[in-house]
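Structure first, then comments.
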Amino acid sequence: MAFVTDKEVLKPGLIIFRRADVGHRNFYCRVKLPKADRYKTISLKTADINVAREKAFDQDADVRFRLKHDVPVFNHPFRIQPPLPCSGEGIPGGPRGAR
């Protein structure tokens, strides 16, 4: 990852780093998921390295809690939703293209 700067390994499977491809100096953490070849990357929303370390350990504990209690680790807020039906009612001129 060429865009990773200021990388620090906190423990095996947990690192904090900054990204060179963004316009801020905030830290991120990357947590390795046990028994899987996957990682979860989380914005720590702080530029202070000491706060970032604390937040990274909190995020690591959260991921482990989720795995232990079968709570999804990854959410998909940008999942494609089906389009909403639009009858064109209440729009002056009716549905788009109707004349």
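The values are calculated or read from the model by the stated rules, or taken from the named source; none is laboratory data. Source: prediction; values computed, not measured. For neighbour counting, all protein chains shown are included, and Cβ atoms are generated from backbone atoms with ideal geometry for every residue, glycine included.
Scan the range 48-63 and tell me whether some residue there is of a type in the set (Phe, Trp, Tyr), surrounded by 11 or more Cβ atoms within 10 Å (Cβ to Cβ) and not in a helix (DSSP H, G or I). So far as the range 48-63 goes, no, none of its residues is of a type in the set (Phe, Trp, Tyr), surrounded by 11 or more Cβ atoms within 10 Å (Cβ to Cβ) and not in a helix (DSSP H, G or I). Would you check if Lys7 is at pLDDT 95 or above, assigned to a strand (DSSP E or B) and under 19 Å from the mean Cα position of the chain (by Cα)? Yes: the conditions hold for Lys7.
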